[in-house]
Structure formats: C-alpha cells, structure tokens
1. Tell me which residues, restricted to the range 12-26, are open to solvent by less than 80 Å² (accessible area, probe 1.4 Å) and out of contact with any Gly (no Cβ under 8 Å at 6 or more places or on another chain).
2. When both residues are 6+ apart or on different chains and their Cβ atoms are under 7 Å apart, which pairs have a first residue that lies in the range 27-44 and is over 26 Å from residue 60 (Cβ atoms) and open to solvent by less than 90 Å² (accessible area, probe 1.4 Å), and a second that is hydrophobic (A, V, I, L, M, F, W, C) and modelled with pLDDT of 95 or more?
3. So which residues in the range 92-120 are within 18 Å of the chain's Cα centre (by Cα) and either surrounded by fewer than 12 Cβ atoms within 10 Å (Cβ to Cβ) or aliphatic (A, V, I, L, M) (or both), if there are any at all?
4. Tell me, please, whether a residue that is under 28 Å from residue 129 (Cα atoms) and at pLDDT 90 or above can be found in the range 69-77.
5. Can you tell me which residue is nearest to residue 64 (Cα to Cα) among those in the range 75-119 that are assigned to a helix (DSSP H, G or I) and hydroxyl-bearing (Ser, Thr, Tyr)?
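The values are calculated or read from the model by the stated rules, or taken from the named source; none is laboratory data. The structure presented is a predicted model; accordingly, all values stated were derived computationally and were not measured. Cβ placement follows ideal geometry from the backbone for every residue including glycine, while neighbour counts extend to all protein chains displayed. Surface areas here come from the heavy atoms of the whole protein model, side chains and all, with no ligands, DNA or RNA. Shrake-Rupley method; radii C 1.70, N 1.55, O 1.52, S 1.80 Å.
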Amino acid sequence: MALAAATKSFMLLGQCVPCIKQGASKFKVKRLELDTNLNMFFPKHEFVYAHDPEKKCKSGDLVIIERLPKRLTRLITHRVREVLYPFGDITDPITGKKVVSGNYRDHLEEISKLYGEKGSTFKYDEAPDRGWQEDKKDFTHLETYIKYHEDGTNDPRAV
C-alpha cells in the first residue's frame, strides 16, 4: 500500500542510490507514515525507479522526480526532472550559503575562530571541489552489476 502512495505522487524528492537498470535510476524517497496508536508520524523509506537516459544522476544526488503520464515499464513510473544538490552538497535556497548538518559553513568557521581552531577541523575553502576523486575513490560513474558470489576480490562496481 505504501508503494502505491509513492507511485501516485506527482512530484517527489529523492536521493539517488546505485542501480543496475539501463536508462533508469533508483531513488530513495522518505515518506512519513502515521502510527494511529501513538498518533505520531514515523519516517519510512521507499524506492522508486525513474527514467534517466542521459544518466544525469549519480549516487548521493538529491533530485526532483515527477510522475510520467504513462508508465514506461512495470517499475519505471517517474522521470528525473532536476538535480537539486549534486553529491548531497546542500545550499540554502534563500541565502545561497552552503549548509553542513543544519548550520551554515561560515557560522561554523566563525565559531572555530572564536574558540580556537582544532587541527582536525575540515577546511572547506582549501578542499578541492566535490567529485574530484572520480576513478580514484569515487566509482559512481561506472556501470554497476549484481555480485552473486564472493570470490575474494573487492570490485567497487558490484552491488
């Protein structure tokens, strides 16, 4: 029943996860489900497939997907409309500032200057752009496949 709720929604916000389907991407969509005994909403994650022939989405991207007027297949019911935040790098839409876990980056820098910087503090200004480790430690652009057995090798493309 919960899957029907996700497929009937016109637009959804989802996070891209690894997928082996050709011409489609898989998205994790967070929905709130009401528990009538406690009268509270609890998060529930559902997975939706969306048509993405250009492979605009990579794993970790936050994307707006919209329902197709007619299903392409039994699973593919939506299409990718827009990539909002690549690699999950959140930007506040009102101020345009970068956000880290609910705090602005410049506020965190001011606080660290006020109390003294630690050696382990991550410096966003000195760090290279996100995605620079493609083919080194980031293998999200490669085609994935299902690994049916363990042969002792560690292949980053296996799901």
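1. Of the residues in the range 12-26, the ones open to solvent by less than 80 Å² (accessible area, probe 1.4 Å) are 12, 14-21, 23-26.
The answer is 12, 14, 17, 18, 19, 20, 21, 23, 24, 25, 26.
2. Within 7 Å, the pairs are 34/41; 35/42.
3. Initial filter on the range 92-120 (within 18 Å of the chain's Cα centre (by Cα)): 92-93, 98-102.
Answer for the range 92-120, where residues must be within 18 Å of the chain's Cα centre (by Cα) and either surrounded by fewer than 12 Cβ atoms within 10 Å (Cβ to Cβ) or aliphatic (A, V, I, L, M) (or both): 92, 93, 99, 100, 101, 102.
4. Keep residues of the range 69-77 that are under 28 Å from residue 129 (Cα atoms), which gives none.
No - not one qualifying residue is present in the range 69-77.
5. Applying the first criterion (assigned to a helix (DSSP H, G or I)) to the range 75-119 yields 86-88, 105-115.
So of that shortlist, the ones also hydroxyl-bearing (Ser, Thr, Tyr) come out as 112, 115.
On the way: 112: 35, 115: 39 Å.
By that ranking, first place goes to 112.
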